[in-house]
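A.B. asks: Structure provided below as structure tokens; questions to follow.
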Amino acid sequence: MADTHLPERARDLPAPLWAAVDEADVVIHAGDWVSADLLDALEARAARLIGVYGNNDGPELRARLPEVARAELDGVRLAVVHETGAATGRERRCAKAYPDTDVLVFGHSHIPWDTTASGLHLLNPGSPTDRRRQPTHTWMTAEITGGRLDEVVLHHLEGTAP
């Protein structure tokens with residue numbers, strides 16, 4: 001998930017996303033939490049949490065989270081960052097900036113993104129609480145099996161955020 005903007009854009013995460021958090025081995029948040037309350041809740045509830053701060057996150061979140069997070073999950077080299085710049089040239093720019101990465105999860109735009117370039121898989125889950133110009137609120141789930149990213153699913157929530 002990314003760009004939750006709690007409590008400014010919603011009071012809480014949608015119930016289906018909380019259910020996905022409860023089932024996940026790893027939860028990723030690509031920044032713009034806005035309040036540390038969600039970080040506290042996810043740390044308490046997620047089996048493992050990987051998160052970064054975003055441009056709307058203040059000193060408390062920046063003190064607790066990195067700008068870029070890296071992890072290896074079942075042989076897949078993962079990086080998480082909030083901003084990647086303009087959509088034009090994103091794949092080339094990110095492949096150059098993250099040469100030792102297999103999957104890059106990012107946020108900021110609130111626009112879902114799922115592309116591969118030069119071996120780098122780029123994922124933006126959109127926003128579960130602030131859809132902006134998108135038709136629905138979104139988040140993603142994925143599986144990593146045997147050193148491969150499989151079954152990336154973009155989840156849509158109709159209607160308004162809770």
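A.B. asks: What about Val103, is it touching a His at 6+ places or on another chain (Cβ under 6 Å), farther than 16 Å from Gly31 by Cα and among the aliphatic types (A, V, I, L, M)?
C.D. replies: Yes.
A.B. asks: Oh, and also: On the given criteria, is His108 in contact with a His (Cβ under 7 Å, 6 or more places away or on another chain), surrounded by 15 or more Cβ atoms within 10 Å (Cβ to Cβ) and not hydrophobic (A, V, I, L, M, F, W, C)? Walk me through how you get there before you give the answer.
C.D. replies: Working: in contact with a His (Cβ under 7 Å, 6 or more places away or on another chain): yes; surrounded by 15 or more Cβ atoms within 10 Å (Cβ to Cβ): yes; not hydrophobic (A, V, I, L, M, F, W, C): yes.
Yes; evaluated as a whole, the condition is true for this residue.
A.B. asks: Restricting the stretch 57-82 to residues that are touching a residue at least 40 places away in the same chain (Cβ under 8 Å) and in contact with a Phe, Trp or Tyr (Cβ under 8 Å, 6 or more places away or on another chain), which is nearest to Asp102 (Cα to Cα)?
C.D. replies: Val80
A.B. asks: So which residues in the stretch 113-145 are in a loop (DSSP other than H, G, I, E, B) and within 20 Å of Trp33 (Cα to Cα)? Quick ask: steps written out before the conclusion?
C.D. replies: As a first pass, look at the stretch 113-145 and keep what is in a loop (DSSP other than H, G, I, E, B): 118-119, 125-136.
Within the stretch 113-145, Pro125, Gly126, Ser127, Pro128, Thr129, Asp130, Arg131, Arg132, Arg133, Gln134, Thr136 meet the criteria.
A.B. asks: Test His110 against the stated conditions and say whether it is over 17 Å from Ala79 (Cα atoms), under 15 Å from the mean Cα position of the chain (by Cα) and part of a strand (DSSP E or B). Give the steps one after another, and end with the answer.
C.D. replies: Working: over 17 Å from Ala79 (Cα atoms): yes; under 15 Å from the mean Cα position of the chain (by Cα): yes; part of a strand (DSSP E or B): no.
No, not satisfied.
Bear in mind these aren't lab numbers, they're just calculated from the coordinates by the rules spelled out. The structure presented is a predicted model; accordingly, all values stated were derived computationally and were not measured. Neighbour counts are summed over all protein chains in view; Cβ atoms, including those assigned to glycine, are modelled from backbone coordinates with ideal geometry.
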